[in-house]
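Peer 1: Right, I'll just put the structure down here and ask away after.
The values are calculated or read from the model by the stated rules, or taken from the named source; none is laboratory data. Being a predicted model, the structure only gives us computed values, none of them experimental. Counting neighbours? That spans all protein chains shown, and the Cβs are built from the backbone with ideal geometry, glycine included.
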Amino acid sequence: MSEDIRCPLCGSKTTIPTTKKGQNIGGQFHVCTRYPECKGKVAVESQNGEFVQVADSSKQASAGIAIQASGLVKRYSEEVLAVDGVDLNIEANTVYALLGPNGAGKTTTILILTTLLQPTRGSASVVGFDVVHKASDVRRRIGVTFQEMILDVELTGRQVLDYHGRFYGMKKAHRKAKITELLALVELEEAANRRVSTYSGGMKRRLELARGLMTEPEVLFLDEPTLGLDPQNRANIWDYIRNLKEQRGLTLLLTTHYMDEAEHLADRVGIIDQGRIVVEGTPRELIDQMGSDSIRIAGQGDGEKFIEEVRSLSFVQTVQMGDDLIQIGIDTGNKRLPEVVSLANNCGFVIEDISVTKPSLSDVFLKYTGRQLRDK
């Protein structure tokens with residue numbers, strides 16, 4: 001049933017669906033249909049008619065798994081299979097980094113999860129809402145920043161945020177308060193009334209991040225959020241992302257070409273190649289698989305024979321080859337280096353470059369995709 005009353009949260013006069021008894025709540029509750037002022041918030045009414053508690057129904061729905069995908073497939077044509085059976089279970093209030101070479105299926109997966117593209121097969125949900133059948137509910141609860149910046153450079157930074165809030169039906173007072181909060185968050189207060197055309201690349205990225213947060217999303221999708229930025233601006237964006245998770249409780253799914261970014265920010269990492277998730281885990285779990293040290297060798301000659309002989313050495317833990325680079329995971333790099341060099345000479349393999357490093361997420365990527373992650 002429903003009744004025409006004012007929402008106790010935002011004051012909007014609207015038809016508010018009611019139930020006689022709320023699940024796990026001692027009393028009747030009302031859910032305002034106006035968006036985004038209330039956005040699924042629940043006002044709990046006691047027996048005497050007073051509103052005694054406010055909860056958030058959308059957060060209850062998203063507790064546990066925030067993003068889920070099962071057998072997700074997207075085929076553009078008989079020749080082009082972009083996503084081939086992707087499974088995801090991303091917990092709420094975590095940062096998940098999706099890594100993969102160009103054409104691996106990262107962008108297609110994000111387009112499906114943000115309701116901009118329908119899958120050929122499989123299913124996906126965000127905060128409990130199916131991305132196909134409940135697309136409008138998903139859109140109300142997500143924010144998105146894409147790799148290509150989409151800003152009207154003739155507007156001021158403040159106007160960009162204001163128009164975005166208007167598109168989502170935000171009331172003037174709410175928009176104004178939110179804009180003030182977000183400009184402070186991304187440190188654009190002094191530049192707020194300047195045209196976007198006068199902004200640096202880093203400032204535009206920060207403005208896009210603020211725009212993605214304008215509607216108070218529960219899940220934020222970030223496609224290459226620091227692409228093209230200098231180290232200082234990258235570090236600033238990292239700080240904002242950490243803040244969103246730790247202080248605001250957001251779930252973030254980001255794609256990136258920077259391995260150090262994924263290592264520093266992500267709670268979990270998924271590597272996608274040829275449309276499939278080939279490995280998944282925490283950055284530390286994945287790196288620990290590579291051995292204590294890593295020897296990287298570039299050269300010419302009988303590489304196959306050299307690799308075969310290297311695999312037989314007792315101290316070698318992993319051997320990978322990709323992009324004309326041989327990577328050997330061993331227990332102690334500096335100690336074993338002479339033996340590896342001697343073996344290469346015996347196999348007729350001429351070493352042109354050799355280095356010993358601690359394993360990183362880049363090494364993991366090379367292992368599972370056979371190539372280094374780079375924009376090409």
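Peer 1: Out of curiosity, is Leu325 farther than 27 Å from Ile272 by Cα and either among the basic types (Lys, Arg) or modelled with pLDDT of 85 or more (or both)?
Peer 2: For Leu325, the condition - farther than 27 Å from Ile272 by Cα and either among the basic types (Lys, Arg) or modelled with pLDDT of 85 or more (or both) - is not met.
Peer 1: Continuing with the same structure: Applying the selection to segment 250-289, what residues are assigned to a loop (DSSP other than H, G, I, E, B), free of Cβ contacts under 8 Å to residues at least 60 places away in the same chain and surrounded by fewer than 17 Cβ atoms within 10 Å (Cβ to Cβ)?
Peer 2: First, pick out the residues of segment 250-289 that are assigned to a loop (DSSP other than H, G, I, E, B): 250, 256-258, 266-267, 274-275, 282, 289.
Remaining after also requiring free of Cβ contacts under 8 Å to residues at least 60 places away in the same chain: 258, 282.
The answer is Thr282, and nothing else.
Peer 1: Tell me whether segment 112-127 contains one or more residues that are within 26 Å of His264 (Cβ to Cβ) and part of a helix (DSSP H, G or I).
Peer 2: Yes: one or more hits.
Peer 1: Counting only residues that are closer than 28 Å to Ser136 by Cβ and at pLDDT below 95, which one in segment 150-162 is surrounded by the fewest Cβ atoms within 10 Å (Cβ to Cβ)?
Peer 2: My answer is Ile150.
Peer 1: Can you give me the number of residues within segment 152-188 that are touching a helix residue (DSSP H, G or I) at 6+ places or on another chain (Cβ under 8 Å), acidic (Asp, Glu) and either closer than 23 Å to Glu246 by Cα or not assigned by TED's automatic domain parsing to the domain that holds Glu224 (or both)?
Peer 2: 1
Peer 1: Considering only residues that are in a loop (DSSP other than H, G, I, E, B) and charged (D, E, K, R), look in segment 64-105 and name the one that is nearest to Tyr258 (Cα to Cα).
Peer 2: Here the answer is Glu79.
Peer 1: For segment 129-138, which residues satisfy the criterion of being out of contact with any Ser or Thr (no Cβ under 6 Å at 6 or more places or on another chain) and surrounded by 19 or more Cβ atoms within 10 Å (Cβ to Cβ)? Let's see the steps before the verdict.
Peer 2: So the first thing to find is which residues in segment 129-138 are out of contact with any Ser or Thr (no Cβ under 6 Å at 6 or more places or on another chain), and the list is 129-130, 132-134, 136-137.
Of everything in segment 129-138, those that are out of contact with any Ser or Thr (no Cβ under 6 Å at 6 or more places or on another chain) and surrounded by 19 or more Cβ atoms within 10 Å (Cβ to Cβ) turn out to be Phe129, Asp137.
Peer 1: Under 7 Å between Cβ atoms, which residue pairs at least 6 apart in sequence (or on different chains) link something in segment 223-236 that is free of Cβ contacts under 8 Å to residues at least 40 places away in the same chain with a partner that is surrounded by 17 or more Cβ atoms within 10 Å (Cβ to Cβ) and in a loop (DSSP other than H, G, I, E, B)?
Peer 2: Close Cβ pairs satisfying both conditions: Thr226/Tyr258; Arg234/Thr226.
Peer 1: Are any of the residues in segment 221-242 at pLDDT 90 or above, among the hydrophobic types (A, V, I, L, M, F, W, C) and surrounded by 17 or more Cβ atoms within 10 Å (Cβ to Cβ)?
Peer 2: yes
Peer 1: Right, Ile179: in a helix (DSSP H, G or I) and within 20 Å of Leu220 (Cβ to Cβ) or not? First the steps, then the outcome.
Peer 2: Working: in a helix (DSSP H, G or I): yes; within 20 Å of Leu220 (Cβ to Cβ): yes.
Yes, satisfied.
Peer 1: Could you check how many residues of segment 184-206 are in a helix (DSSP H, G or I), buried (at least 16 other Cβ atoms within 10 Å of the Cβ) and modelled with pLDDT under 95?
Peer 2: Looking only at that region, the number is 6.
Peer 1: Does Gly329 count as within 20 Å of Leu366 (Cα to Cα), in a strand (DSSP E or B) and under 35 Å from the mean Cα position of the chain (by Cα)?
Peer 2: yes
Peer 1: While we're looking at this one, here's another question. Test each condition in (1) in contact (Cβ under 8 Å) with a residue 24 or more places away in the chain; (2) within 24 Å of Arg140 (Cβ to Cβ); (3) not acidic (Asp, Glu) for Ala192 and report the one that comes out false.
Peer 2: Single failed check for Ala192: (2).
Peer 1: Take the residues in segment 42-69 that are hydroxyl-bearing (Ser, Thr, Tyr) and surrounded by 14 or more Cβ atoms within 10 Å (Cβ to Cβ); name whichever of them is modelled with the highest pLDDT.
Peer 2: By that ranking, first place goes to Ser58.
Peer 1: In segment 321-331, how many residues are in contact (Cβ under 8 Å) with a residue 40 or more places away in the chain and either surrounded by fewer than 19 Cβ atoms within 10 Å (Cβ to Cβ) or of a type in the set (Gly, Ala, Ser) (or both)?
Peer 2: Residues flagged as in contact (Cβ under 8 Å) with a residue 40 or more places away in the chain and either surrounded by fewer than 19 Cβ atoms within 10 Å (Cβ to Cβ) or of a type in the set (Gly, Ala, Ser) (or both) within segment 321-331 amount to 5.
Peer 1: What residue, among those in segment 290-318 that are surrounded by fewer than 18 Cβ atoms within 10 Å (Cβ to Cβ) and either of a type in the set (S, T, N, Q) or under 33 Å from the mean Cα position of the chain (by Cα) (or both), is modelled with the lowest pLDDT?
Peer 2: Ranking the qualifying residues of segment 290-318, first place goes to Ser292.
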